[in-house]
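Visitor: What follows is a single structure, and I will ask about it in a moment.
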Amino acid sequence: MEQKDVIYLDHAATTPVKHEVLEKMLPWFSQNYGNPSSTIYGLGRTTHEAVELARETVAGCLGAKSEEIFFTGCGTEADNWAIRGSAYANRKKGSHIITTAMEHHAVLHTCMQLEKEGFSVTYLKPDAEGLIQPEMVEQAIRPDTILITIMFANNEIGTIQPIVEIGKIARAHGILFHTDAVQAVGAVPVDVETLQVDMLSLSAHKFYGPKGIGALYVRKGIRPDIFMQGGAQERGRRGGTENIAGIVGLAAALELACSNMNETMKNITEKRDYLINRVLENIPYSRLNGHRTKRLPGNANFSFQYIEGESLLIWLDLSGIAASSGSACTSGSLDPSHVLLSIGLPHEIAHGSLRLTLGEETTKEQLDYVVEKLTDTVEKLRQMSPLYEAVQKG
Ligand code: PLP
């Protein structure tokens, strides 16, 4: 089967680089190759200007100032920097951090590491639909709380958090607020002023930009400790020669995503709801994970009782459908997803889960094919399950 024949429903893992984005990136490899720090000559000034132009574009899309945008190597780095940098910078004020049990491992593992270093962390448990109630955040605040880090939208179940309300609480208490918006930026409107966040992470490969480039928004006046020691790049706060082609690609992809946002959201949401309704109607013992409406436009996450998610993925792959059971970073692990467990799913149901994430190029015809294959495959797998047989026999 050729790659072009694959029905790709794993856009939360990554997206293809758009042709227009790639075109804008190409001159920054072999043609304009100067080091942006070498501004003494023209080649260096050209790349320096390209980086600064990209910074302005990204800032414009997020409602930020360009000096508040710092380019990083990926979303993971942006999360690590925001959390560790804020923890170390505020150590004298306190050592308590509030986060959630459903964060991406870039946040979760960073917080766990900080616990080993003497910080204490509260992991808030979401409700059954994956929502964190703002009151829970307020109740968890202690006199020594220095940072709240709560994701904008979950990468597995797609639930979108009440970030504005949480931001207000954080600000009222004078506590730094970071949000991992890696899944949200480029998919839904994100404006740092409206959100009242102090730091926000994003990653280009989630919105049709290249892999290996991300950014951290840091509100003016806030100074997380330096995470990447080195040269004077990124105003001395993140050393390392800039990935110019990546930075240009990130800005181009974000600009495209933001210019068509309303139309794209409407279009993808319609297709997502079509898929959700058809799956729930066609497949018995199935459930939708995550909030019905407060969810990312492209995210559909299901659990099917009496089957193994991993077997389902293998069968779908054989039918030319690329999907996942949860986060790409944990695929290959046989443990059930920490996100599904955090919303209270029992292990056996969490094991039978499937994440289908739609993109701009997903068509209704593809979804019809997916529903057909999925219905057949779930039935086939259930026929092999002794538990299902017992249930059928009553
Ligand atoms: N945070 C979330 C919510 C994600 O979904 C991901 C990637 O899947 C990351 C962080 C990490 O981003 P990156 O792959 O750019 O390191």
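Visitor: What's the total number of residues in the stretch 27-74 that are open to solvent by 10 Å² or more (accessible area, probe 1.4 Å), closer than 22 Å to L256 by Cα and among the β-branched types (V, I, T)?
Guide: Count: 1.
Visitor: Right, here's the next one. Quick check on this structure: which one of T194, T179, T145 is open to solvent by less than 30 Å² (accessible area, probe 1.4 Å), hydroxyl-bearing (S, T, Y) and either under 27 Å from S259 (Cα atoms) or within 11 Å of the ligand (Cβ to nearest atom) (or both)?
Guide: Numbers: T194 fails: open to solvent by less than 30 Å² (accessible area, probe 1.4 Å); T145 fails: either under 27 Å from S259 (Cα atoms) or within 11 Å of the ligand (Cβ to nearest atom) (or both).
Unique residue meeting the criteria: T179.
Visitor: Under 7 Å by Cβ, and 6 or more places apart or on different chains, what pairs join a residue from the stretch 320-344 that is closer than 15 Å to E129 by Cα and modelled with pLDDT under 60 with one that is of a type in the set (A, V, I, L, M, F, W, C) and open to solvent by less than 30 Å² (accessible area, probe 1.4 Å)?
Guide: Here the result reads none, with nothing in the stretch 320-344 linked to a residue that is of a type in the set (A, V, I, L, M, F, W, C) and open to solvent by less than 30 Å² (accessible area, probe 1.4 Å).
Visitor: If only one of A257, A251 is in contact with a Ser or Thr (Cβ under 6 Å, 6 or more places away or on another chain), open to solvent by less than 30 Å² (accessible area, probe 1.4 Å) and of a type in the set (A, V, I, L, M, F, W, C), which one is it? Show your work before the answer.
Guide: On the way: A257 fails: in contact with a Ser or Thr (Cβ under 6 Å, 6 or more places away or on another chain).
Result: A251 is the single residue among A257, A251 that is in contact with a Ser or Thr (Cβ under 6 Å, 6 or more places away or on another chain), open to solvent by less than 30 Å² (accessible area, probe 1.4 Å) and of a type in the set (A, V, I, L, M, F, W, C).
Visitor: I would also like to ask the following. Just checking, does the stretch 80-98 include any residue being open to solvent by 60 Å² or more (accessible area, probe 1.4 Å), closer than 21 Å to G214 by Cβ, more than 16 Å from the ligand (Cβ to nearest atom) and in a helix (DSSP H, G or I)?
Guide: Checked the stretch 80-98: at least one residue is open to solvent by 60 Å² or more (accessible area, probe 1.4 Å), closer than 21 Å to G214 by Cβ, more than 16 Å from the ligand (Cβ to nearest atom) and in a helix (DSSP H, G or I).
Visitor: Let me ask you something else. When you go through G212, G174, G186 one by one, which is the residue that is small (G, A, S), open to solvent by 10 Å² or more (accessible area, probe 1.4 Å) and within 11 Å of the ligand (Cβ to nearest atom)?
Guide: The match here is G212.
Visitor: Within the stretch 248-262, is there a residue that is assigned to a helix (DSSP H, G or I), more than 16 Å from the ligand (Cβ to nearest atom), hydrophobic (A, V, I, L, M, F, W, C) and touching a strand residue (DSSP E or B) at 6+ places or on another chain (Cβ under 8 Å)?
Guide: yes
Visitor: Please specify each residue of the stretch 215-247 satisfying the condition of being assigned to a loop (DSSP other than H, G, I, E, B), within 21 Å of A87 (Cα to Cα) and more than 16 Å from the ligand (Cβ to nearest atom).
Guide: R219, K220, G221, I222, R223, P224, D225, I226, Q229, G230, R237, G239
The values are calculated or read from the model by the stated rules, or taken from the named source; none is laboratory data. All values reported here derive from a predicted model rather than from experimental measurement. Reconstructed Cβ throughout: ideal geometry from the backbone, glycine too, with neighbour counts over all protein chains shown. Note: accessible area is taken over every heavy atom of the protein model, side chains too, but ligands, DNA and RNA are not part of it. Shrake-Rupley method; radii C 1.70, N 1.55, O 1.52, S 1.80 Å.
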